[in-house]
1. Got a sec to turn the phi values of the range 24-33 into Karplus ³J(HN,Hα) couplings, 6.51 cos²θ - 1.76 cosθ + 1.60 with θ = phi - 60°, whole Hz, x for Gly and Pro?
2. How much of the DSSP beta bridge set in the chain is antiparallel, as a percent to the nearest 5?
3. Within the range 1-34, which residues have the backbone N less than 19 Å from the label spot 7 Å out from Ser99 along Cα→beta-carbon, could you tell me?
4. So for the pair Arg108, Thr25, with labels modelled 7 Å out along Cα→Cβ, what separation do we get in nm?
5. Given 37 °C and 0.692 mPa s, how large is the Stokes-Einstein diffusion coefficient of the chain in µm²/s, with Rh as the Kirkwood radius over Cα pairs?
6. Quick check on the range 62-154: take the gyration tensor over C-alpha atoms, sort the square-rooted eigenvalues as a ≥ b ≥ c, and tell me if it's rounded (a/c under 1.5), prolate or oblate.
7. Could you report the accessible area of Arg178 in Å², rounded to 10, computed with a 1.4 Å probe on the protein chains as they sit in the structure?
8. Tell me, what % of the accessible area of the range 1-76 is carbon and sulfur with a 1.4 angstrom probe?
Amino acid sequence: MPEAQQRFQGFIDLQKTLPENEPGTLSGTEVWLPGCSDADPHPHYVLFVRAAEFERDALVATCSQHLRQINWESENLEHKQSFVLMGAKETGIYVPLWSSGCLRISERQCTIRVVFIGSDWAVDTRHHLTGEDLDDYMIGCQVHMDSTGPHYKPWRMYSEETLNAMKGLSGNIEVPGRMVRTSVPAADLG
């Protein structure tokens with residue numbers, strides 16, 4: 001942890017910036033940082049996530065898996081959101097596409113970087129996408145987001161009878177794994 005605190009000093013305080021996690025969610029915030037390597041020298045958003053509930057090795061195994069996009073609806077079918085999923089559908093980490101700048105990559109900036117912060121460790125994950133993997137990722141994000149968030153129109157997908165039958169159910173998006181909830185960091189980042 002001391003090495004991570006030193007690396008991000010002046011950008012974010014790894015121990016104080018993120019609020020405690022709420023049930024079923026992980027607290028996260030994004031910070032604009034300089035490029036992370038010669039292969040990716042451009043400044044970009046880095047997502048910092050509080051992950052103290054995880055075992056470090058299990059988290060590394062989850063984050064090492066191929067990233068994929070997934071859409072998820074609310075119980076009442078009135079809302080639908082897009083996520084990038086790290087890990088298995090049932091236990092993975094769901095990062096919202098609509099509110100995460102670190103997931104918006106291009107040929108110029110093609111690394112997705114997420115730093116998970118434990119109680120006495122930090123895991124700095126980087127998914128560097130090139131060629132067909134980059135094209136597939138960008139097209140996948142666009143396809144998924146075309147029918148979610150402000151583009152989602154439930155009456156195009158479901159009949160009036162189905163929507164009426166779901167009235168009264170929750171309008172919240174509840175995923176089976178852990179959803180990252182991003183917030184704006186405090187003015188004093190350390």
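1. x, 10, 10, 7, x, 8, 10, 10, 7, 10
2. On the way: 23 of 33 bridges.
Percent antiparallel among DSSP bridges in the chain is about 70.
3. Under 19 Å, as judged by backbone N against the label point of Ser99, lie 17-32 of the range 1-34.
4. For the pair Arg108/Thr25, the computed spacing is 3.2 nm.
5. It comes out at roughly 186 µm²/s.
6. Oblate shape, in that a/c is at least 1.5 and b/c is the bigger or equal ratio.
7. Arg178 exposes around 50 Å² with every protein chain in place.
8. On the way: 2040 of 4220 Å².
For the range 1-76, the apolar C and S fraction of the accessible surface comes to 48 percent.
The values are calculated or read from the model by the stated rules, or taken from the named source; none is laboratory data. Since this is a predicted model, take the numbers as computed values, not measurements. All Cβ positions, glycine included, derive from the backbone under ideal geometry; neighbour counts span all protein chains shown. To get the accessible areas, we keep the full protein, side chains included, count just its heavy atoms, and leave off ligands, DNA and RNA. Shrake-Rupley method; radii C 1.70, N 1.55, O 1.52, S 1.80 Å.
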